[in-house]
Every structure is written in C-alpha cells, then in structure tokens.
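The values are calculated or read from the model by the stated rules, or taken from the named source; none is laboratory data. Predicted, not measured: the structure shown is a model, and the values here were computed from it. Every residue, glycine as well, gets a Cβ built from its backbone with ideal geometry; the counts of neighbours run over all protein chains shown.
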Amino acid sequence: MDNKVYYRIGNNIRCLRESFGLSQEELALEIGIGKSAICQYETGTSVPVRDVLIKIAKYFHVTETDLLQNDYSNFRRMTDAPINEIEYNKDMFEKLLPLVSSESSMDNENFRQAYKLHNQVCNLIGSGTTVEGFDETLIDKCIELYKKASDEGVIEANANYLWWICFFGFLTSFCDSRMFDAVERLNQGRIGVKEFFKEGYLTPFDTKDDSTKQENKKEFWEEYAVDFYVNIRKLKLNSLYADLGDYYLAISYIFDIVCNGMSSEQNGAIGSEMLSVFSLMGNKYACLNKNS
C-alpha cells in the first residue's frame, strides 16, 4: 500500500474513534491489540493486518472497503447527539420512519382509525417506552386496519404498513440484548451517551455471533418479504410516494432486514450508498436522513 492509503486508513480510524468518544487505549482494548498499534495506524506509520482491519471495521459497523476507501473526516460526533432527550428522539424517529397521511386518506374510516392507533404507539416510543411496554393487540389492530384501507385503494396505508415492517425488522435484525440493556440503563440515567454506544452498539472483538438473532431475522424476512416488496412496488407506481418507496428500500439494507447472505456491515454500506444516491436525485426522505 502507498502512503496515501496508509493515511486514509489511519485518518478513518481516528475519525471513527473520536466520533464515539474513545481514547486510543480504549479502542485498543476493545480490538484486543496494544495502544501503540492504534497510534501507529492513525499517524500512518503502519497499517493494520487484515485480521485487525476486520476487527476494527466490525467494531464500528463498517466494512473493510469503507475503511480503505471512504473519508470519515466529516463523520459527526455521535457522543454529541442528545439521545437521552425525549424531543430529540421524537424528531429523529419521525425523520427515520415517516408516518404519512393526506386529506383524502383521512376520509377513509379504516385508515383514520389505524393512523390514530399508530400515533399512540409513536408517542410511546418517543417517550422512551420499552418494547415490553407496547400493547400488541393495539399494533395488530393498527396493521389490520391499514390492510383494509389498502384494499380500498388508500396508498398511504401501504406506506404506513411499510413503516411497521421496517420497525419490526429493526427490532429483529438490528437490536439485541446488549442494545436493549443499554437503552434501559440510559433511560434510567445510569450511563451516558458514550457508554450507551460503547455498551449497546459498538462490537468488541470477542463478541460472539448471535445465532438466535440470525434465525429470528430469517423467519421475519420469510414472513414479511412478499408484503414488503408488494408495498414498495405500489409506492413506486404512485407519483406522490415513489420517493418514499426508494427510501424504504434503502432503509431495509441499513437496518439489515433483507436476507441475502451478506453481513450486516455490507448491507449497511449498500443502504448508505443507496441513500446518498437517492439524496443526490432529490429524494426528500433521503435528504433528511443521509447524515443521520
């Protein structure tokens, strides 16, 4: 590798490390190497061997190619995000999974009832209610009403049903016991934002793959894949919501919902690239979330 590649890798490692508020010593401990090695990587005096490069990439939920080719100089500082504040979480959640309606859709009784129930759930999520606090019968009723409204030609019902598929997919594929524990501790004020990312999101080198999580993901996708693509197609055929169809397609990769034999890091990279392309094409949903 030439000096430019050494520098790019080192700069990316430093930017990602600083984004999550980690010291060189903390990162070295999480990766299972010496602190001096991290210093050498970041200054460009040496480059990680492939096994170490894989560990660093996996720790930050990126791919080896991302570390080699991307530029994380403008990567936002994750520890500055006030994720323990209710209003911030509500705003981010609304941007990430947009709930849509229109005057004509609200004329439909099934959609109107479903939308009301949906907002109740969104308010619970925004206030920090855990998954265990959800009323499953309320969610089932909401989805049932959306399906009826969809059969009656309400396109917004298709969009909001995709909301549920992506939300369930996120819980199944992206979240695990580490994240749920970290969320609970953050809400209780027992840890700060830095500790939340370190304990609930970042992946130490000695973390074992969760086979149960992978099986749950497979079962989820087998159940919802057809509904997902059918509703995506319906949005794509509608001029008002074609952009939302593209957006949810990208989100399915970012959330690692799809079962395609690729790693979560690879799917995340694909989804992020799709989001960037859609944003350049003027997709309003992608533009809101490309830097989130």
| query | For the stretch 171-186, which residues satisfy the criterion of being over 20 Å from F60 (Cβ atoms) and of a type in the set (K, R)? | reply | R185
| message | For the stretch 23-42, give me each residue that is of a type in the set (S, T, Y) and assigned to a helix (DSSP H, G or I). | response | S36, Y41
| note | In the set K234, K198, K208, the lone residue that is over 25 Å from L53 (Cα atoms) and surrounded by fewer than 21 Cβ atoms within 10 Å (Cβ to Cβ) is K234
| task | Answer yes if at least one residue in the stretch 34-51 is hydrophobic (A, V, I, L, M, F, W, C), buried (at least 18 other Cβ atoms within 10 Å of the Cβ) and closer than 27 Å to I254 by Cα, and no otherwise. | result | no
| Count of residues meeting criterion [in a loop (DSSP other than H, G, I, E, B) and either touching an Asp or Glu at 6+ places or on another chain (Cβ under 7 Å) or hydroxyl-bearing (S, T, Y) (or both)] in the stretch 43-70 | 5
| query | Counting only residues that are touching a Cys at 6+ places or on another chain (Cβ under 8 Å) and part of a helix (DSSP H, G or I), how many does the stretch 248-292 have? | reply | 4
| In this structure, does S73 turn out to be farther than 15 Å from L186 by Cα, among the small types (G, A, S), in a loop (DSSP other than H, G, I, E, B) and not assigned by TED's automatic domain parsing to the domain that holds A269? | yes
| said: Could you check the stretch 78-101 and list, in sequence order, the residues that are under 15 Å from H118 (Cα atoms) and part of a loop (DSSP other than H, G, I, E, B)? | reply: L97, P98, L99, V100, S101
| query | Is at least one residue of the stretch 187-195 within 19 Å of P98 (Cβ to Cβ) and acidic (D, E)? | reply | no
| message | Condition (residue is modelled with pLDDT under 95, among the small types (G, A, S) and farther than 28 Å from I270 by Cβ) applied to the stretch 59-75: is it met by at least one residue? | response | no
| task | Tally the residues that are more than 28 Å from K55 (Cα to Cα), in contact (Cβ under 8 Å) with a residue 40 or more places away in the chain and under 16 Å from the mean Cα position of the chain (by Cα), restricting the search to the stretch 248-288. | result | 4
| note | (1) under 20 Å from R185 (Cα atoms); (2) assigned by TED's automatic domain parsing to the domain that holds R17 all hold for F93 apart from (2)
| message | I'd like to know if the stretch 258-267 contains one or more residues that are under 30 Å from S102 (Cβ atoms), modelled with pLDDT under 95, crowded, with 19+ Cβ neighbours inside 10 Å and not assigned by TED's automatic domain parsing to the domain that holds E18. | response | yes
